[in-house]
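> Supplied in structure tokens, the structure appears directly below.
What follows is calculated from the coordinates using simple rules that are stated; it is not laboratory data. Remember, predicted model here, so these are calculated numbers, not experimental data. Backbone-built Cβ (ideal geometry, glycine too); neighbour counts: all protein chains shown.
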Amino acid sequence: MSVFQTGSKALITGGASGVGLAVAQLCLKHGMRVSILDFNKDTLDLAKKSLEEDVEFLQADVSSEQDWKSVKEKVGDVDFLMLNAGTMPRGTWGDAEYFQKVLSTNLFGVINGLNAYVPSFQARKNGSPAAIVITGSKQGITNPPGNPAYNASKSAVKTLAEHLSWDLREDKNLSVHLLVPGWTFTGLVGNTPGTTADKPAGAWSAEQVASYMEQKMADGKFYIICPDNDVSEETDKKRMLWTVGDIVNERPPLTRWREEYKKEAEEWMAGQDV
């Protein structure tokens, strides 16, 4: 039985745009009661205009423990928790503000949300379906060069989700999932809410990600690694296998992007069956 059913209650962070908004729309389609949490007031206002249903909108900072206490008091217990809020600014070594901003939102936004809500999931008595979804990133798995704070935050989020799945494994009515979108046309990649930009051919829409998430949750999958129109599931698996091979084969890190390993990596992935 699915958590996506009439009467179930959902709380979605970063829910006023992109994948979060698409999942909110999915929940509403199933007759669920929805609370959307977002930091950006302008984005929240746009979401209010696009959603005609009775939705609770909350402006809050996921990096603030106090804000989470207020959210828990206002919203109460939920059946479906999606910790989706994230940011992806660019920065580099020596830029303390960059690291602080990314880790505060992407990592501690998840930690604070879990600390606020996991105890209530653990205390559930009614046996109805429940689920927690945490949004990760392929960059937290394959770790491409160029954005160390973002990659580190999403790698840590993956670890948290894996531990959470283990810790809650005894409750057969409660599932935990790591959602890993592929190239998705959201505000993080140029689709700023309120604009009318055209989706690139290679990208998925946020609605496609939401639909794929629902399908994989129904299949009982923890890892929800989304393809897109440019990158197949097979290619994703090969990239992940090569990445972990850096450790197993005692290569330097990030060899997929090192010139001296480029040909070897390409030939290995071309000939590898997964």
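> Along Cα→Cβ, 7 Å out, is where each label goes; now give me the distance between the ones at E170 and S128 in nm to one decimal.
2.3 nm
> Okay, helix-only estimate at 222 nm for the chain: each DSSP H run of n ≥ 4 adds -39500 (n - 2.57), divide by all residues, round to 500 deg cm²/dmol; what do you get? Don't skip to the answer; put the middle values down first.
Details: 10 runs with 118 residues, N = 274.
Only helices count here, giving -13500 deg cm²/dmol.
> Rounded to whole Å, give me the distance from the Cα center of region 236-256 to that of region 138-175.
Answer, in whole Å: 18.
> What distance in nm lies between label points placed 7 Å from Cα along the C-beta direction at K262 and R90?
2.0 nm
> Taking the Cα of N249, stepping 7 Å toward and past its beta carbon, and measuring to each backbone N in region 132-156: which are under 17 Å?
Under cut-off, by backbone N: 142-143.
> How much of the DSSP bridge set in the chain is antiparallel, in percent, rounded to the nearest 5?
On the way: 0 of 26 bridges.
The antiparallel fraction comes to roughly 0 percent.
> Among the aspartates and glutamates, select those whose C-alpha is under 13 Å from the C-alpha of K101, and discard any that sit fewer than 8 residues away in the same chain.
Qualifying aspartates and glutamates at Cα under 13 Å: D61.
> I've got another one for you. Using modelled amide H (1.01 Å from N, peptide plane; none on Pro or chain starts), what sits under 5 Å from the amide H of A60, excluding residues fewer than 5 places away?
Residues meeting the criterion, in which the H sits 1.01 Å from N, are D38, F39.
> While we're here: Quick one: putting +1 on the C-beta of Lys and Arg, -1 on the C-beta of Asp and Glu, what dipole do you get for the chain around its Cα centre, in Debye to the nearest 20? Each step should come with its number before you reach the end.
Values: 29 positive and 36 negative charges, 66 e Å.
That gives a dipole near 320 debye.
> So, counting K/R as plus one and D/E as minus one, what does the shell of residues with Cβ under 10 Å around F121 add up to?
Numbers: positive: R124; negative: D77, D79, D171.
Here the count lands on -2.
> Residue by residue, what Karplus-based ³J(HN,Hα) values in Hz, rounded to whole numbers, does region 247-263 have, using 6.51, -1.76 and 1.60 with θ = phi - 60° and x for Gly and Pro?
Whole-Hz 3J(HN,Hα) from phi for region 247-263: 6, 4, 9, 6, 8, x, x, 6, 5, 4, 10, 8, 4, 6, 10, 4, 5.
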